[in-house]
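Please read the structure below before turning to the comments.
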Amino acid sequence: MRQENYDRFVRKALMFGNLAGPDFFIIFIILALFICLGLPIWAVADAATRPDYAWSDSGQNKILWIALIAGFTIFLTPVGFVIAIVYFASIRGKVKTAQSVGATHASTGIHNRLCLKCGTPATSSGTAFCSACGAQFTS
């Protein structure tokens, strides 16, 4: 390597060293924490807003996934981040598909509808009101 090329290389390396100083490191740590906490929070919020029938129709457990993501994010943030990625990559699609199928076929009773007031299941697909307490079922 010629001397002037070497000098140019050293100057560029030193210039990058100034960029990678303490301020850059702090910004990097804050950004990494934001991402490692933001994705699991988004995953928990997404999982919590999906209806229960979609979870049961897809063969998944809503409480388990919320507890896994939230628990590991609180105690082992990188593991919670990885579990959130697994949720978005595989579980969310199944639940979302089951939700759209259930919403499309709500009038046919494909998913079990429960009374929000007393928890009694609907006796038939066309039932609009609970036989036990008279409250209206939601789709």
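Odds and ends about this structure:
- Helices (runs of 4 or more DSSP H) wholly inside region 37-87 containing at least 3 residues that are over 15 Å from GLN99 (Cβ atoms): 62-75, 77-86
- In region 58-84, the residues that are exposed (fewer than 15 other Cβ atoms within 10 Å of the Cβ) and either among the aromatic types (Phe, Trp, Tyr) or in contact with a His (Cβ under 9 Å, 6 or more places away or on another chain) (or both): PHE75
- Condition check for SER90: at negative phi and modelled with pLDDT under 90: no
- Counted residues, region 57-104 - those being among the charged types (D, E, K, R) and in contact with an Asp or Glu (Cβ under 7 Å, 6 or more places away or on another chain): 2
- Which listed residue is among the small types (Gly, Ala, Ser), at pLDDT below 70 and assigned to a loop (DSSP other than H, G, I, E, B), from SER107, SER139: SER139
The values are calculated or read from the model by the stated rules, or taken from the named source; none is laboratory data. A quick note: this is a predicted structure, and the numbers were derived from the prediction, not measured. When we count neighbours, we look across all protein chains shown, and the Cβ atoms used for this are built from the backbone with ideal geometry, even at glycine.
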